[in-house]
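Trainee: There's a structure below that I have some questions on.
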Amino acid sequence: MHPDIHLALHHARTAELRAETAPRPAHRPELRTRLGWALIEVGLKLAARPGPIAAH
């Protein structure tokens, strides 16, 4: 296949794919922030919980 035709096909396919994709809805930053802090809280609780010491 000729390189120019190959490149033209890539450009056409790229345009098709971009046309098919819908714009993503805007994220709600307050939800992301609350979820992030909740995950940090859970991680800290797990890290602070005393557990059995593994013997090697």
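Trainee: Report yes if Ala47 is of a type in the set (A, V, I, L, M, F, W, C) and part of a helix (DSSP H, G or I), otherwise no.
Mentor: It is true that Ala47 is of a type in the set (A, V, I, L, M, F, W, C) and part of a helix (DSSP H, G or I).
Residue by residue, here is whether (1) open to solvent by 90 Å² or more (accessible area, probe 1.4 Å); (2) in a helix (DSSP H, G or I) holds:
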| site | (1), (2) |
| --- | --- |
| Asp4 | yes, yes |
| Leu9 | yes, yes |
| Arg18 | yes, yes |
| Pro23 | yes, no |
| Arg34 | yes, yes |
| Trp37 | yes, yes |
| Gly51 | no, no |
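Trainee: Would you check if there is a residue in segment 36-44 being at pLDDT 90 or above and either of a type in the set (Lys, Arg) or in contact with a Lys or Arg (Cβ under 8 Å, 6 or more places away or on another chain) (or both)?
Mentor: no
The values are calculated or read from the model by the stated rules, or taken from the named source; none is laboratory data. All of these numbers come straight from a predicted model, not from anything done at the bench. With ideal geometry, Cβ positions are generated from the backbone for all residues, glycine too; neighbour counts draw on all protein chains shown. When the accessible area is computed, the model is the full protein with side chains, heavy atoms only, and any ligands, DNA or RNA have been set aside. Shrake-Rupley method; radii C 1.70, N 1.55, O 1.52, S 1.80 Å.
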